[in-house]
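The values are calculated or read from the model by the stated rules, or taken from the named source; none is laboratory data. Nothing here was measured: the structure is a model prediction, and the numbers come from that model. Cβ placement follows ideal geometry from the backbone for every residue including glycine, while neighbour counts extend to all protein chains displayed. In case anyone asks, the SASA skips ligands and DNA or RNA and just uses the protein heavy atoms, side chains included. Shrake-Rupley method; radii C 1.70, N 1.55, O 1.52, S 1.80 Å.
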Amino acid sequence: MTTNTIAYIIEGRRVRQRRWIVVTSILAVLSVVLCCAMLMLGNKNYPVQDVLRALTGEKIKGVSFAVNTIRLPRMLAGLMAGFAFGIAGHTFQTMLRNPLANPNVIGITSGSGAAAVFCITMLHASDTVISIASVIAGLVTTIIIYLLSNNGRSFSIGRLILIGIGIQAMLDAVISYLMLKSAQYDLPVVMRWLSGSLNGSKMNELPPLVITIVIFAPIIIMLGKHLSILELGEQSATSLGVNTNKTRIALIVSAVIMISIATSITGPIAFVAFLSGPIAKRLVGAGFSGAIPAGLVGVILVLASDLIGQFAFETRFPVGIITGILGAPYLIYLLIRMNRKGDL
Amino acid sequence: MKATHTFQAEQTVSGYENKTIVQGISLSIPSNKISVIIGANACGKSTLLKTLARLIKPTSGSITLDGKQIDKIPPKQLARVLGLLPQSPIVPEGISVADLVGRGRFPHQTLFSGWSKKDYEAVAEAMEIMKITELANQNIDELSGGQRQRVWIAMALAQQTDILFLDEPTTFLDITYQVEILDLLTDLNRKHGTTIVMVLHDINLSSRYADHIFALRKGLLVAEGEPSKVITSELVKDIFGMDSTVIQDPVSGTPLIVPIGRHHAKPVTPAAPASPVSPVTSVNSEAPAPASSTPSKDPVLTY
């Protein structure tokens with residue numbers, strides 16, 4: 001009897017695990033295909049072999065410059081930012097058990113942006129200072145939202161989201177004010193922080209993002225099991241032996257740093273952090289960790305949207321416009337659904 | 001059989017923010033037995049349970065497991081001895097029953113390990129005990145309230161702790177499911193020796209299923225012991241502020257509380273044969289309205 005039960009459970013898990021592996025592999029392949037497309041497509045399209053030769057250092061007239069100086073940094077920025085946004089968004093959404101509880105929606109990205117814009121326009125600070133300030137501002141915003149939504153005895157996620165949306169509006173007003181006050185020549189740098197774009201990504205800007213992802217993505221992936229326990233709520237998590245405060249802080253700090261550093265390079269690419277988690281979860285199911293699939297969905301969203309923005313229309317649109325068009329209807333749909341369920 | 005433990009609370013005071021609810025309770029949980037904490041709404045029974053299960057930090061006093069302060073024991077190690085089913089656990093969306101039950105294995109797993117053979121065995125055993133094997137690959141969203149509650153208990157069982165705390169495991173369930181859940185928990189205790197401590201709302205089911213009763217009033221322990229010794233109409237009056245008469249449960253022989261309201265008293269006729277209810281006559285005429293002190297949500301009043 002028991003052996004039958006075990007076999008039945010093993011079989012069920014194997015089916016779900018196979019689905020996870022197949023879907024994740026497809027997402028990975030799709031990401032690679034999009035990376036290649038980012039390198040091959042442009043004003044002039046180059047075949048794969050030319051791109052590869054250019055990448056390995058061979059000098060080919062025209063190709064080398066376009067691929068190595070323009071397309072490669074653009075592709076890498078999109079790849080890493082998409083991955084960072086996807087994983088970080090998934091972390092917040094799972095931990096707070098709500099797709100709306102997302103750095104893009106509850107003002108954390110705006111907090112980072114406001115600090116960055118302040119440093120650029122008022123302090124004329126260096127890039128390093130700007131990045132550090134944006135990470136700290138992101139964390140401070142998180143803490144403020146958390147404290148405000150915690151009215152003494154009860155903590156409600158619905159309240160956290162509403163307060164976050166309010167804080168977001170306030171911070172966006174601060175950003176607008178700073179921009180009005182700023183010098184004309186600062187505006188191009190400022191704009192980077194406000195709208196998501198891969199235009200003008202440069203190789204020498206990428207190392208901080210590489211380091212961030214190499215350090216913090218593994219932390220989040222390793223804590224996947226802890227995250228799935230946190231999802232059961234404070235009481236269950238505590239009685240299962242999770243140190244809820246430490247785990248939550250580790251996850252939040254990792255996610256906010258990844259989001260802030262990625263934002264400092266590509267700007268807040270609208271809704272990527274918001275869409276990736278739910279799409280990934282729908283694709284792989286709920287039983288296994290969604291961090292890696294969510295990161296890959298983020299990559300696909302960013303790269304595909306950038307390609308669409310570059311080539312699908314008469315004028316070229318930055319990637320943030322395309323993801324914005326994709327994400328806004330989903331946001332409205334979620335708000336309506338949550339309102340019906342009485343979650344807001 | 002599960003190991004024997006000594007689990008003690010010493011002058012424990014706890015509560016929320018600046019509100020003290022448990023006002024200093026000392027108790028010792030009988031090992032390998034079923035204990036039930038009873039008391040009126042807001043008397044602190046749930047807070048006491050949460051404090052014992054280390055969800056709330058006591059403001060003073062100590063709680064010890066085998067002589068060791070529970071907050072000094074590493075959380076994962078403690079989670080292998082002590083499990084808790086919260087009153088309203090949160091259901092993650094779209095998860096299958098087996099995967100959810102498997103999350104109870106967390107304290108036995110390391111950072112990178114997948115499910116070991118032991119994990120599968122524990123999950124299978126827990127699901128068999130709770131009779132939910134055939135639901136294994138179903139989505140938890142599709143289950144009824146009674147089935148879900150069994151899944152949650154199975155998750156706590158997969159944790160394979162010697163001591164299991166349950167916070168009102170039968171609330172919101174039909175009477176059929178209440179009895180079923182309590183029967184399953186009794187099986188668990190009798191077959192495996194699991195020490196069970198739970199908060200129950202229904203005092204009659206409590207006195208039937210408990211080996212040991214802890215009766216609370218306003219954050220203090222007012223009585224404890226075997227139900228047949230502890231449950232009296234005086235105690236019921238004391239903790240619920242309600243007049244009642246206590247008879248023998250015709251099924252189990254345990255004490256059965258019959259509340260005395262302001263209405264429905266049987267007219268006393270001299271011809272009536274001596275029934276266990278007859279002592280009522282002396283109090284029923286001037287019995288105060290009990291509903292004012294005990295909210296009507298209490299199942300005791302609704303049956």
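So the values come out like this:
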quantity	calculated
Longest site-free stretch - chain A; sites: GluC sites (Glu not before Pro), DSSP loop, at most 15 other Cβ within 10 Å	A:59-313
Pairs from B:Lys118/B:Lys191; B:Lys45/B:Lys229; A:Lys246/B:Lys19; B:Lys72/B:Lys118 whose Cα-Cα separation, in the structure shown, is over 23 Å	A:Lys246/B:Lys19; B:Lys72/B:Lys118
Simple spin-label estimate for B:Gln11 and A:Lys246 in nanometres, 7 Å along Cα-Cβ	3.1
Distant alpha-carbon pairs in region A:240-333 (separation over 24 angstrom), percent	31
Measure of compaction for region A:11-61 (Cα Rg per 2.2 N^0.38 Å)	1.76
Accessible heavy-atom area order of B:Asp238, B:Asp211, B:Asp174, B:Asp119, highest first, probe of 1.4 Å	B:Asp174, B:Asp238, B:Asp211, B:Asp119
Over chain A, volume per residue of the alpha carbon convex hull, in Å³	165
Antiparallel bridges, percent of DSSP beta bridges restricted to chain B (to nearest 5)	60
Number of partner chain Cβ atoms within 10 Å, mean per residue of B:73-84	3
Region B:170-215 - Rg (one decimal) and Dmax (whole number), Cα, Å	10.4, 27
As computed over region B:1-74, the Cα convex hull volume per residue (Å³)	95
Largest-first principal axis extents, alpha carbons of the protein assembly as shown, Å	114, 59, 46
Candidates B:Arg105, B:Arg262, B:Arg148: whichever shows maximal mean-square fluctuation once chain B is modelled as a Gaussian network with Cα springs under 10 Å	B:Arg262
Shape category assigned to region B:70-137 from the gyration tensor of Cα positions, a/c cut at 1.5	prolate
Candidate residues A:Arg74, B:Arg190, B:Arg217: accessible-area rank, largest first, probe 1.4 Å	B:Arg190, B:Arg217, A:Arg74
Sequence-separation-based contact order of chain B, relative, with Cα cut under 8 Å and 6+ spacing, percent	21
Alpha-carbon Debye profile of region B:74-230, log10 I(q)/I(0) at 0.16 Å⁻¹	-0.92
Sequence-distant aspartates and glutamates (8 or more away, or on other chains) whose Cα lies within less than 12 Å of B:Lys2	B:Asp162
Inter-part distance where region A:129-194 and region B:1-64 are each reduced to a Cα centre, Å	42
Environment charge at B:Gln159 (Cβ cut-off 10 Å; Lys +1, Arg +1, Asp -1, Glu -1)	+3
Along principal axes, Cα extents of chain B, largest first, whole Å	75, 45, 34
Under 15 Å, Cβ to Cβ, from A:Ile60 - net charge with Lys/Arg +1 and Asp/Glu -1	+3
Range of Cα positions in region A:188-344 per principal axis (Å), largest first	57, 41, 27
Solvent-accessible area of B:Thr186 with every protein chain in place, 1.4 Å probe, in Å² to the nearest 10	20
Relative contact order (%) - chain A, alpha-carbon pairs under 8 angstrom, separation at least six	28
Distance from region B:176-212 to region A:82-101 (C-alpha centre basis), Å	40
Per-residue mean of C-beta atoms belonging to partner chains within 10 Å, peptide B:112-118	2
Extension gain from A:Ala7 to A:Val253, taking 0.36 nm per residue of separation minus the Cα-Cα distance	84.5 nm
Inverse of mean 1/r across different Cα pairs in region A:1-154, Kirkwood, Å	20.0
Where A:Tyr330, B:Tyr209, B:Tyr177 fall by accessible area, highest first, once all protein chains stay in place (1.4 Å)	B:Tyr177, A:Tyr330, B:Tyr209
Length released on extending from A:Lys181 to A:Phe311, taking residue separation times 0.36 nm less the Cα-Cα span	43.3 nm
Percent antiparallel among DSSP beta bridges (both partners in the protein assembly as shown, rounded to 5)	60
At R0 = 60 Å, FRET efficiency that the Cβ-Cβ distance of A:Lys202 and B:Asn137 yields, to 0.05	0.75
Stretch gain in nm, segment A:Val129-A:Met338, where the contour uses 0.36 nm per residue and the Cα spacing is subtracted	71.3 nm
Relative contact order %, region A:210-328, counting alpha carbon pairs below 8 Å whose residues are six or more apart	24
Euclidean distance between Cα centres, region B:76-123 to region A:309-326, Å	45
Rounded to whole Å, sorted largest first: equivalent-ellipsoid semi-axes of region A:76-125, Cα gyration tensor	25, 16, 6
Relative compactness, region B:1-159, computed as alpha-carbon Rg over 2.2 N^0.38 Å	1.14
